[in-house]
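Read-outs: derived from the displayed coordinates by stated rules, not from any lab. Worth saying up front: this structure is predicted, and the values here are computed from it rather than measured. Reconstructed Cβ throughout: ideal geometry from the backbone, glycine too, with neighbour counts over all protein chains shown.
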Amino acid sequence: MNHQEIVNKIDFSKIKWNNIGLVPAIIQDYKDNEILMVAFMNSESLGLTLERKETYFYSRSRNELWHKGHKSGEVQKVKELYYDCDNDTILVKVEQLGGAACHTGKRSCFFNKVI
């Protein structure tokens, strides 16, 4: 099934996209449930994620799609994908290949402990 067929098959109208067509996506390890990162998706990146079973996001700063791991090799294989009860957040459970989800080289982007 190609990207457009997937986009047409899934009712993306249920998702509450923000005013610029984005929705936050929480990326979680499918085995231990550790939160690895948060990014934004638009309908195209969500469709590609579903089609290819690897994560794709939309970069607000670069105004472009990006495939997680394209440059670093730290690819995320999608195991499960959900949207929340309010339809305004995506949860993607992944197998993190290469060990690091964060651009700093750490496993998770959430390493700055406050308390």
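Per-structure values
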item: Selection from region 53-97 of residues that are touching a residue at least 40 places away in the same chain (Cβ under 8 Å), of a type in the set (A, V, I, L, M) and either over 17 Å from Ile15 (Cα atoms) or surrounded by 16 or more Cβ atoms within 10 Å (Cβ to Cβ) (or both); result: Ile90, Val92, Val94
item: Residue among Thr104, Thr55, Thr89, Thr49 that alone is more than 12 Å from the chain's Cα centre (by Cα) and of a type in the set (Val, Ile, Thr); result: Thr104
item: Among (1) surrounded by 14 or more Cβ atoms within 10 Å (Cβ to Cβ); (2) in contact with a strand residue (DSSP E or B) (Cβ under 6 Å, 6 or more places away or on another chain) - the single one Leu50 does not satisfy; result: (2)
